[in-house]
Structure formats: C-alpha cells, structure tokens
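Here is the structure we will look at.
Read the figures in this text as sums done on the coordinates, not as results from a lab. Note that the structure is predicted; figures quoted are calculated from it, not measured. A quick note on method: Cβ atoms are made from the backbone with ideal geometry, for glycine too, and the neighbour counts reach across all protein chains shown.
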Amino acid sequence: MERLVMTPGPTQSSEEVRGALSIKNTNTDLDKDFFKLYNDTCKKAKKLVNSKDSKAIIMLGEAILGLESACASFIEEGDRVLCIDNGIFGRGFGEFTDMYGAETIYFRSDYKRGIDVDELEKFIDENGPFKLATLVHCETPTGITNPIEDICPLLNKKGIISIVDAVSSYGGEFISMDEWAIDMLIAGTQKCLSVTAGGTLVFLSNRAVEVLENRKSSVKSFYANLKNWLLVMEN
Ligand SMILES: *Cc1c(COP(=O)(O)O)cnc(C)c1O
C-alpha cells in the first residue's frame with residue numbers, strides 16, 4: 001500500500017530525490033567531482049535565502065545539529081543570550097544555549113501570534129546588552145511566522161548576533177538574509193525541500209564568521225564546531 005506522509009516534516013520525498021539517492025557513490029573524501037558538486041549545491045542553497053555574502057555549509061545530521069552547532073560555536077561561558085520564545089522550538093533553543101554555558105534571558109510572548117517588534121525593542125533596552133539572540137522563523141507546531149524582516153535588522157542595530165531557526169520555512173517562505181542582516185540561518189532538508197531527513201544547511205554572514213574567528217575560548221565540540229568547516233569552505 002502507498003502511504004502518503006502528511007506531517008510537516010519529514011515530508012514525502014519526490015521520486016527525483018529518491019532516484020538521486022541511488023546514484024553510485026565514490027569516496028567523497030578524495031573525489032574532486034564531489035567537492036565541485038558540494039560547492040555548487042551550497043551556491044544553489046544560498047539562492048533560497050537570497051544571499052551573495054554568506055557562507056553556506058551543508059552538514060550531515062538532522063537540523064538539530066545546525067541549532068547545536070550555533071550554540072557550540074558562538075557561545076562562550078557566561079555570554080548573555082536573548083532567547084525569543086513564542087513557541088515550542090523558540091523555548092527549546094534556550095535549553096541548548098544553557099547547555100553551552102550561556103546566561104539565557106527569555107523574551108516570552110503569546111504563542112498564537114508573531115513577535116511584536118516594538119515590545120521586543122523595549123525589552124532589549126531594559127534587559128540588554130546581549131551577545132546573541134535565538135529566534136524561530138516558522139514555529140512549526142502552531143504554524144505562525146515571526147517577522148524576521150523586522151526583528152533581525154533591529155538586532156543588528158543593537159549589536160546582537162541573530163541566530164534564526166528557519167528549519168521549516170526555508171524553501172517555503174521568502175527570506176532575504178543579506179538585506180535583513182541575518183547572521184546565522186539554519187535550515188533542514190526534510191521539510192519544504194522534501195529531501196530525506198538527516199541533512200542541515202547553515203548560512204553564516206561575514207559578521208558571524210568574524211565573531212567565530214575572534215572567539216577567545218576554544219569550541220567545546222568537534223562535530224558541531226563551525227570553525228572547522230570554515231577552514232575548508234570555498235563558497
Ligand atoms: C523540524 C524542526 C526542527 C528540527 O529539525 P530535525 O531535522 O527534526 O532535527 C527545528 N526547528 C523547527 C522550527 C522545526 O520545524
């Protein structure tokens with residue numbers, strides 16, 4: 001019996017995707033054609049976030065690896081992190097930031113509507129400064145989207161690095177990473193792209209790369225250390 005998958009993710013993968021997965025593999029550590037394919041795919045992935053300036057990295061591991069790599073790579077012990085919470089994924093991000101030694105401060109808002117940018121600005125002015133902020137574009141369980149086109153420029157203006165979980169919106173909603181001054185955006189393969197689960201895409205702005213390069217303490221992870229990737233990325 002054919003089963004139709006109707007969850008928000010993993011979604012049903014197309015025949016084209018399933019066909020591509022059956023292509024005979026080479027040794028991806030050595031094959032020059034693979035490097036080219038990888039970098040070309042990164043360049044294509046950037047088109048979906050309308051970015052020329054950012055670096056794209058495709059990692060093997062579910063999208064949570066993207067979220068965890070953000071926390072492992074950006075947070076240093078005691079950093080003040082603003083966790084924008086108007087949904088289950090938004091709140092969950094705070095558990096990761098805590099795990100990596102941040103002092104997490106929550107901006108909590110109604111789970112049934114997008115973030116009010118004026119209220120957020122007031123909160124930042126009263127409770128800042130923050131090194132970085134975590135937020136979710138589309139809160140998958142409720143389906144609401146947050147106005148990242150207004151939130152991220154505000155964060156940028158306040159000198160706060162923005163880390164956006166766009167796992168379920170990437171490929172479905174319009175995103176303009178460069179124009180909205182987003183510093184890091186995390187996407188998944190198994191939602192709007194309808195590729196199988198197990199891949200995450202992360203995009204880093206130039207400013208984000210600079211922050212990573214200038215961190216004082218070493219990153220306490222190997223697999224989730226984005227600095228290791230930057231050494232070999234060509235896009
Ligand atoms: C699905 C989802 C994730 C987690 O993705 P996995 O690939 O299941 O790890 C994170 N954030 C949001 C908003 C999601 O919808």
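Some notes on this structure:
- Seen through its C-alpha gyration tensor, with square-root eigenvalues sorted a ≥ b ≥ c, the chain comes out oblate because a/c lies at 1.5 or above while a/b is not bigger than b/c.
- Length gained when the stretch A197-K122 is fully extended (0.36 nm per residue, less Cα-Cα span): 23.1 nm
- Computed helical MRE - 222 nm, the chain, DSSP H runs ≥ 4 contributing -39500 (n - 2.57), nearest 500: -10000 deg cm²/dmol
- Taking the number of Cβ atoms within 10 Å of each Cβ as an exposure proxy, the fewest-first ranking of K158, K43 is K43, K158.
- Tensor-based shape of the stretch 113-161 (alpha-carbon gyration tensor, a/c under 1.5 rounded, otherwise prolate or oblate): prolate
- With 0.36 nm allotted per residue and the present C-alpha distance subtracted, the M6-L60 stretch has 17.1 nm of extension available.
- Exposed loop sites are taken as chymotrypsin sites (Phe, Trp or Tyr not before Pro) in a DSSP loop (any state but H, G, I, E or B) with at most 14 other beta carbon atoms within 10 Å; the longest stretch of the chain without one runs 1-173.
- Between helix 148-157 and the chain there is an angle of about 60 degrees, using the helix long axis and the longest principal axis of the Cα atoms.
- DSSP bridge pairs, the chain: antiparallel proportion in percent, nearest 5: 40
- Relative contact order, whole percent, for the chain stands at 28, derived from Cα pairs under 8 Å and 6 or more residues apart.
- Distance from the C-alpha centroid of the stretch 186-234 to that of the stretch 34-98: 6 Å, rounded to the whole angstrom.
- Sorted by Cβ neighbour density within 10 Å, fewest at the top, the residues T189, T28, T196: T28, T196, T189
- Rounded to 10°, Cα long-axis angle of helix 88-99 versus longest principal axis of the chain: 80
- Net length gained if the chain between R108 and F174 were fully extended (0.36 nm per residue, minus Cα distance): 21.2 nm
- The long axis of helix 32-47 is offset from the longest Cα principal axis of the chain by roughly 40 degrees.
- Loop sites in the stretch 53-85: GluC sites (Glu not before Pro), DSSP, at most 13 other Cβ within 10 Å: E77
- Lysine pairs in the stretch 54-230 whose alpha-carbon atoms fall under 28 angstrom of each other, counting only those eight or more residues apart or on distinct chains, come to 27.
- Residue exposure sequence - V232, V49, V117 - by fewest surrounding Cβ within 10 Å: V232, V117, V49
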